[in-house]
Every structure is written in C-alpha cells, then in structure tokens.
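Quick notes on the structure that follows.
The values are calculated or read from the model by the stated rules, or taken from the named source; none is laboratory data. Predicted model only: the values in this text are computed from it and were never measured. Please note: Cβ atoms are built from the backbone with ideal geometry, for glycine as well, and neighbour counts cover all protein chains shown.
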Amino acid sequence: MDATVAQTPAPHKHRAALGKGIESLLGPRQTVAAAAPSTGKPLEIALDKIERNPHQTRTAFDEAKLAELAQSIAATGVVQPVVVRELPGGRYQLIMGERRWRASQSAGKATIPAIIRLVSDEQALEMTIVENLQRADLNPMEQARAFDRLSREFKLTQEQMAVRTGKDRASVGNFLRLLKLPASIQNLVESGHLSFGHGRALLALESPERMVGAATKIMSLAMSVRQTETYVQGLINPELKPKAKQEAAKAKALDPNVHEAQDRIQRRLGLKVHIEDKSGKGRVIIEYTGIDDFDAILTALGED
C-alpha cells in the first residue's frame, strides 16, 4: 500500500429499521423536523437559488458515481425530490439530497424538484446528520464524526442515536471509539488504506506512538484484519509473539486469491488448511487429528 502514517427524551423501546424514513426515526424528539410542517407537494426550484448545507456530514463524493447520476438525471430527471428550507432573500438551503443537487448541476438542469420544510437551525442540522448516517456509503470516519456531533450538539445517548439511525448501540460505540485514533491513522481509515476493523484493532494498543508504529507495519505487510488482531495481541502480550510473527509472515507471502481458496477448503473440510504458494507452485497442507478427520479428507476427494 502506498500511504504514509504521520494523529432528551427516552428512546423508543423498539429500534426503527433502515428505510422507514427520516420522519419515523426522528419521532421521539420534540424539536425534530419530523414534526415541522412542510409545503407538501414538491416545487421546482432554481438550482442557483439553493445553497449547500454547511452542516453536511459527508466530506467526500465519488465523482464517477456522481457522473452516472448526472447522466440518469439528464435522461429521466430527478426521481426523488431534495429537501430544503427557506432562507432570507428568496434563497434556500439544502437539508437532504446533496448528490442529486450536484448531479443536476452537472446535467445542466436549471431547476430541481424540492420539498420545503419549515425547520429551525437545530432541526435542519439533526435531519442532515441522521439522513447521512442512514446511508451505507459513508466512510467510517465520517460516521464517527457524525455520531460525535449528535452526542455533543444534541446530547443524545448512544442508545438514542442507535434508535434514530437504525444501527446497533454497540456499533455506535465502536464508531465513536475511532475518534481516539491518532489523526494520521484516522486519515488512513478515511481514505480506505486501513479499514474500520484495522482501526478498531489498533485501539487496543492505547499509546498513539504504538498505534502509529503498528499501522506502518500492518500496511507494509498488507495484513488482513484477523492478522492485525493477532499481531496487536502479540505486541500487548509478548507470550503470543511467536504466533503474531507467523501471522505477519503469512500476510507477506499469501496472495489474496490464495487466501480465499485456503478459507474455502477449510470451510469445506472443517479442518485447518495452509496453502504455500510461490509463483503458482507450492503445496496444500491439511492438518488432521484422528482417523475420522482423515476419512473426511478421503471422502471429500471422492475416495471410499
């Protein structure tokens, strides 16, 4: 990998499911926009009268996907209206739908269908954050910062945030913990050089310096999350270091396709399997602990 490491009211008893809409998720709060009136039917509003939401949680937009959406909008129009609120001077501010707004501009559209909501600054902010958290394509750090804002600015508990976004309470806590990573590692998670699982495993080291050093090693060896967890445990518990070194060695040598094949064989046999591969040549080692295991191997090979 080519990257450098350098740092309220009570919740509902039943969690709302994804896809039920922002209104159902925001119902418990008295100040939320779900209870605010709207103009009802979508209106065509000039794109140049709509301003970007300064509280937008999303910081990165996939340009290729935006281009695809722009092509679709140019051909068939905007299927789902954006949501805006009125500003002084006959202007509007986006609450939901920035991708559609951006893509419509790229498609050369003059107007966009929009529903006007009569909401306060606080209501608009909460709606924007929760709507983004309901999406599946936010990167882990964007999600972590969004949960942090809901916690700080709206004093929501982890359980309440889970209810509003349809996520597990434990997941909310895990995302928030990512903010304890050094900034340089947060940047690597945000850019996709390290995954959510890598970041969570590194948190066990506690010391920022140890985290940064371990992240450098993990990236240089292209370790999987599982190998990272073993490696980190080896750093914490020296008695586990031999196993950690073995995992690091495997991470360096094993091609992702070979690793997938190894896992597939292990699942099929229910036995420990190791593939040693070098430029397409090598051997498959199957470990067994008794005659029953050996018979299972023969059966899998079609032998009686």
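As a summary of the residue check, residue 71 satisfies the conditions (1) surrounded by 14 or more Cβ atoms within 10 Å (Cβ to Cβ); (2) in a helix (DSSP H, G or I); (3) more than 21 Å from the chain's Cα centre (by Cα) except for the one numbered (1).
Selection within segment 84-130: residues that are of a type in the set (D, E, K, R), modelled with pLDDT of 90 or more and touching a Phe, Trp or Tyr at 6+ places or on another chain (Cβ under 9 Å). The member of this set that is farthest from residue 61 (Cα to Cα) is 86. When restricted to residues that are farther than 15 Å from residue 132 by Cβ, β-branched (Val, Ile, Thr) and in a helix (DSSP H, G or I), segment 152-182 contains 1.
Being part of a helix (DSSP H, G or I) and surrounded by fewer than 21 Cβ atoms within 10 Å (Cβ to Cβ) is the filter here, so list the residues in segment 101-116 that pass it. Please lay out each step first, then the result.
Taking segment 101-116 and keeping what is part of a helix (DSSP H, G or I), we get 101-106.
Of everything in segment 101-116, those that are part of a helix (DSSP H, G or I) and surrounded by fewer than 21 Cβ atoms within 10 Å (Cβ to Cβ) turn out to be 102, 105, 106.
The set of residues from segment 117-130 being more than 15 Å from residue 160 (Cα to Cα) and crowded, with 20+ Cβ neighbours inside 10 Å comprises 117, 119, 123, 124, 125, 128. Just so you know, in segment 131-167 the residues that are farther than 22 Å from residue 183 by Cβ and among the hydroxyl-bearing types (Ser, Thr, Tyr) include one that is surrounded by the most Cβ atoms within 10 Å (Cβ to Cβ), and it is 165. Tallying residues that are of a type in the set (Gly, Ala, Ser), farther than 29 Å from residue 161 by Cβ and either assigned to a strand (DSSP E or B) or in contact with a strand residue (DSSP E or B) (Cβ under 7 Å, 6 or more places away or on another chain) (or both) within segment 85-100 yields 0.
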